[in-house]
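The values are calculated or read from the model by the stated rules, or taken from the named source; none is laboratory data. What you see is a predicted model, and the numbers here were worked out from it, not measured in a lab. Note: ideal-geometry Cβ built from the backbone for every residue, glycine included; neighbour counts use all protein chains shown.
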C-alpha cells in the first residue's frame with residue numbers, strides 16, 4: 001500500500017499535474033512536494049514517504065544526487081518523471097521503479113503506480129525473509145538448507161507459485177526474465193509477474209543452461225528473447241530484449257554471455 005507520496009519537481013505546473021494524477025489513482029494518499037534537491041533529501045529523511053516521484057534536472061541536486069545523498073539502500077521506491085529521454089538506463093541502474101517521459105497520461109502513470117506497489121510488496125517480503133533467516137541462523141539452521149540442490153538432474157520445466165491462496169504451475173518456458181529480490185525471485189512473463197521464495201543463484205542452477213544465462217547479479221535472461229547487445233559508455237554493454245526492455249550486462253558475466261551467443265549463432 002502507498003499512503004505517503006513525495007513529488008519532486010521545480011516546475012509548479014508539473015507538481016500540480018502529478019498531484020492530480022496521484023489523487024486520481026489513490027484519493028486517500030497524503031502528498032508532499034519539494035521544488036529542489038535539498039528539500040527532497042530533507043523530506044525523504046524526515047517524512048519517509050512510501051513513493052518518490054522525482055524529476056532529474058532540479059535545483060540544488062539532480063535527481064540522481066538526491067538518491068546518492070539519501071543512500072540507494074535507504075531510498076523509497078522511486079519513479080522518475082522527466083522530460084529527458086537519455087537517462088533511462090542510469091535510472092534503472094539505481095533501481096528506479098519506472099521512468100516516465102513527459103508528457104504522459106493517467107494510464108501510463110497508473111502503470112508506474114502498480115509497479116511501485118509491487119516493489120513495496122516485494123521489499124516487505126524480502127525484509128521478512130531476512131528476519132526469518134536471522135532467526136534460523138540464530139538457531140543454528142542454515143537458511144539454504146530449505147532448498148535442495150538439483151544439480152545433475154534434468155532442467156526445471158515448471159515453477160510452483162503461490163497466488164491468492166492458490167498454487168499455480170508456471171511453465172519455465174513462459175518466463176523470459178528472472179529478477180533477484182533478496183531471497184526471492186520475480187518471474188517476468190509476457191502477461192504478468194510472479195514471486196517465488198528462492199535465490200537467483202539457486203534457481204539459475206536448476207534452469208536449462210543452453211537457454212538461460214546470467215547477465216547481471218540481479219538478472220537471468222532467456223536467450224530466446226535477446227534481440228541485440230549494444231556497446232555503452234566505459235566499455236559496458238546493454239542487452240536489448242524483444243520487448244524493447246534494456247538490461248545492463250555486467251562485465252563479470254560478459255564472457256559467458258558472448259560464448260553462449262556464439263553457440264546459438
The residue from 103, 155 that alone is over 15 Å from the mean Cα position of the chain (by Cα) and modelled with pLDDT of 85 or more is 103
Could you please give the count of residues in segment 187-206 that are in contact with a helix residue (DSSP H, G or I) (Cβ under 7 Å, 6 or more places away or on another chain) and under 18 Å from residue 224 (Cα atoms)? 1
Within segment 155-197, strands (runs of 3 or more DSSP E) holding 2 or more residues that are in contact (Cβ under 8 Å) with a residue 40 or more places away in the chain, within 21 Å of residue 117 (Cβ to Cβ) and in the same structural domain as residue 92 (by TED's automatic domain parsing): none
Any residue that is at pLDDT below 85, surrounded by fewer than 16 Cβ atoms within 10 Å (Cβ to Cβ) and closer than 21 Å to residue 247 by Cβ - is there at least one of those in segment 74-85? yes
Look at segment 222-257 and say how many of its residues are surrounded by fewer than 14 Cβ atoms within 10 Å (Cβ to Cβ) and assigned to a helix (DSSP H, G or I). 8
So in segment 86-113, with the set limited to residues that are assigned to a helix (DSSP H, G or I) and in contact with a helix residue (DSSP H, G or I) (Cβ under 9 Å, 6 or more places away or on another chain), which one is surrounded by the fewest Cβ atoms within 10 Å (Cβ to Cβ)? 106
Per the filter on segment 27-63, residues out of contact with any strand residue (DSSP E or B) (no Cβ under 8 Å at 6 or more places or on another chain) and under 18 Å from residue 112 (Cβ atoms) are 27
Are any residues in segment 218-247 under 19 Å from residue 181 (Cα atoms) and in contact with a strand residue (DSSP E or B) (Cβ under 6 Å, 6 or more places away or on another chain), and if so, which ones? 218, 219, 220, 221, 222, 246, 247
Which one is nearest to residue 180 (Cα to Cα) among residues in segment 198-217 that are in a helix (DSSP H, G or I) and touching a strand residue (DSSP E or B) at 6+ places or on another chain (Cβ under 7 Å)? 200
